[in-house]
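A.B. asks: Have a look at this one before I ask anything.
The values are calculated or read from the model by the stated rules, or taken from the named source; none is laboratory data. The shown structure was predicted, so the numbers you read here are calculated from the model rather than taken from an experiment. Counting neighbours? That spans all protein chains shown, and the Cβs are built from the backbone with ideal geometry, glycine included.
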Amino acid sequence: MSEISAIGNTVVGNVRPTSATTPTTVVEVAAPAVGCGTTTTVDLVDFSEHAQMLEKVRQLPEVRQERIDSIKEAIANDTYLSDAKINTAFERLIDEVAG
């Protein structure tokens, strides 16, 4: 029996993982098998840590670049902080700590 080293006209390279495996999330879905009585089949889907992180990034709100630029300009001009803003931030901090 000969070794299978090529599929089609392409040589197959290393099939072992080149880096450590990352944690995954396993999703199991049980579905009734068609025409087999009580037997069920299970489909498994693994989402890598990278895929999970990408999904979290996709769910983030869009960046409002105009707002960021105006705040940067106000900070550069030393007009960003005011007593009202400091008091509001202080009150929010107290509310958060007091819980």
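Let's see how each residue does on (1) modelled with pLDDT of 60 or more; (2) assigned to a helix (DSSP H, G or I):
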site	(1), (2)
Thr18	no, no
Glu62	yes, no
Lys72	yes, yes
Thr79	yes, no
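A.B. asks: Oh, and also: Residues being in contact (Cβ under 8 Å) with a residue 12 or more places away in the chain and charged (D, E, K, R): count how many of those fall in region 40-99.
C.D. replies: The total comes to 3.
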